[in-house]
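Enquirer: This structure is in structure tokens; I'll ask about it shortly.
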Amino acid sequence: MHNIKSPRHLLSTAELSLDDIHHLFARADEFLAHHGHGHAVSLKQQLLGKTVSNVFFNDSTRTRTSFEMAAKRLGADVINFPVEHSSLNKGESLSDLVLNLQAIGVSTIIMRHPESFALNTISKQLKIPVINAGDGNNEHPSQGLLDVLTMRRHKHWIKGLVVAICGDIAHSRVARSNIPILLKLGAEVRVIAPQAWLPQDYFTGQVKAFNDLADGICNADVVMMLRIQKERMHQNDWPEEKDYFQRYGLDCEKLKLAKADAIVMHPGPMNRGVEIDSAVADDLKRSVILDQVTVGVAMRMAILEWILK
Ligand code: CP
């Protein structure tokens, strides 16, 4: 249960209760229903007077922009903190950086950081909430939430759904944030990867692990493809891309093994021709990849409201 004396952070999906997940899904669905129907003005009052700060140590297209869009739709001010031009260059520590942002008066810090669990440490030092926008190989909770909500919007329920997550599982914070929500809601979760990218913890629990793509996506309702996260592995471990695509890349032929109405997902950024073929990625009858991005704005509105109100 959330302690009312400490701020409510969003660091991991594993710490969310079923009530939290259902609340966030319901609010994001409401925001999506309201979008473009004349409710924009009333939404603008929700976070009036709050200031959201985006502090990103790694590149981002979707997460940073959609948190900014979400904050502005709710009436908050946004500071995109310029990490590369900050006093970190003069030797200031991460801890001093966030304490100073708090003293300046920001209402929340949304941070992407290359080190796993970096945010767990700083969240303990702050009186304001921290939102994890991706920490190393660990978690990307807003992505997990928006992904599972996208599945529910397309498939109408999660219980019993067969979800196959394929690719660089070992370095994927997206997989780590999707799986606890999917299991909590009763989905069957499969992970598919070369043996070297299947950490041991994926073999022991409720998740089924596969080395063969054909076995793993057989009869799946949802096929989620993941990028090879080269920035988080040694160059010697990079696979030969043509080989990788042959074994693990999703094309129209391989997709035929999933259910006829299976949806295809990808958190982005996509590497076309490496983990996914353009014919699949751009097939709007199967691919919900851009829907994930649209749902992401609404989910981030729900998260900011939940954290800040
Ligand atoms: N899915 C995701 O985190 O995308 P960005 O890296 O562009 O934010």
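Bear in mind that the values in this text are calculations on the coordinates, not laboratory data. No experiment lies behind these values; they were computed from the predicted model shown. Using ideal geometry, Cβ is built from the backbone for each residue, glycine included, and neighbour counts are taken over all protein chains shown.
Enquirer: With contacts defined as alpha carbon pairs under 8 Å and 6 or more residues apart, what's the relative contact order of the chain in percent? If you can, show how the numbers build up before the last one.
Expert: On the way: 567 pairs, mean separation 62.7, N = 309.
Once divided by the residue count of the chain, the mean separation gives 20 percent.
Enquirer: If you don't mind, there's one more thing I want to ask. Given Lys159/Lys259; Lys184/Lys230; Lys230/Lys285, which pairs have Cα atoms separated by over 25 Å? Please list the in-between numbers first.
Expert: Working: Lys159/Lys259 16 Å; Lys184/Lys230 30 Å; Lys230/Lys285 30 Å.
Too far apart for the 25 Å limit: Lys184/Lys230; Lys230/Lys285.
Enquirer: Among all stretches of the chain without exposed GluC sites (Glu not before Pro) (DSSP loop, at most 16 other Cβ atoms within 10 Å), which one is longest? Numbers along the way, then the final one.
Expert: On the way: sites that count: Glu15, Glu92, Glu115, Glu240.
Answer - 116-239.
Enquirer: Another question about this same structure. Hey, how many Å between the Cα centroid of region 175-200 and the Cα centroid of region 239-309?
Expert: A separation of 16 Å, based on Cα centres.
Enquirer: OK, next. Which residue, chosen from Ser95, Ser172, Leu198, occupies the Cα position most advanced towards the positive end of the dipole of the chain, where the dipole is computed from +1 (Lys, Arg) and -1 (Asp, Glu) charges on Cβ about the Cα centre?
Expert: Ser95
Enquirer: A follow-up question, please. Among all helices in the chain defined by DSSP H, which have a length of 20 Å or more along the axis from Cα atoms plus a Kyte-Doolittle mean of at least 0.5?
Expert: Values: long enough: 18-34 (24 Å, -0.07); 141-155 (21 Å, -0.61); 289-308 (28 Å, 1.40).
Length and hydropathy pass: 289-308.
Enquirer: Under 15 Å from a label point 7 Å along Cα→Cβ of Asp237: give me every residue in region 178-197 with its amide N that close.
Expert: 193-197
Enquirer: Please report the orientation-averaged projected area of the chain, defined via the convex hull of its C-alpha atoms, in nm². List each step's numbers first, then the result.
Expert: On the way: hull surface 64.9 nm².
Average projection, Cα convex hull of the chain: 16.2 nm².
Enquirer: What net charge is computed for the residues neighbouring Thr13, neighbours being all others with C-beta under 11 Å from the C-beta of Thr13, Lys and Arg scored +1, Asp and Glu -1? Let's see the in-between values first.
Expert: Values: positive: Arg173, Arg176, Lys184; negative: Glu15, Asp20, Glu139, Asp147.
Result for the neighbourhood of Thr13: -1.
Enquirer: Let me ask something else about it. Amide H of Glu188: which non-local residues (sequence gap of 5 or more, or other chain) have their own amide H closer than 5 Å, using H built in the peptide plane?
Expert: Gly160, Leu161, Val162, Val163
Enquirer: Taking the Cα centre of region 160-275 as the origin, how large is its charge dipole in debye, to the nearest 20, when only Lys and Arg (+1) and Asp and Glu (-1) carry charge on their Cβ atoms? Walk me through the intermediate numbers first.
Expert: Details: 14 positive and 15 negative charges, 60 e Å.
My answer is approximately 280 debye.
Enquirer: Same structure again: Compute the signed sum of charges (Lys and Arg +1, Asp and Glu -1) over the other residues within less than 11 Å, Cβ to Cβ, of Val148. Intermediate values should be presented prior to the final figure.
Expert: Details: positive: Arg152, Arg153, Lys155, Lys184; negative: Asp147.
So the surrounding residues net to +3.
Enquirer: Using the Cα centre as the reference, give the magnitude of the dipole from point charges on the C-beta atoms of region 13-139 (Lys, Arg: +1; Asp, Glu: -1; all else neutral), rounded to the nearest 20 debye. Display every interim value, and only then the final one.
Expert: Numbers: 11 positive and 14 negative charges, 85 e Å.
Computed about the Cα centre, the dipole is about 400 debye.
Enquirer: Just going by the charge dipole of the chain, with Lys and Arg at +1 and Asp and Glu at -1 on Cβ, which of Ile131, Val83, Asn58 is farthest out on the positive end?
Expert: Going by the charge dipole, the pick is Ile131.
Enquirer: Check which residues have an amide H placed less than 5 Å from Thr108's amide H, if you skip close sequence neighbours.
Expert: Thr51, Ser53
Enquirer: Mind telling me which of Asp261, Asp147, Asp19 comes out most flexible in a GNM of the chain, alpha-carbon contacts under 10 Å?
Expert: Asp19
Enquirer: Report the calculated FRET efficiency for Thr294 and Leu88 (r = Cβ-Cβ distance, R0 = 30 Å), to the nearest 0.05. Please report the intermediate quantities before stating the final value.
Expert: On the way: r = 34 Å, r/R0 = 1.12.
About 0.35, to the nearest 0.05.
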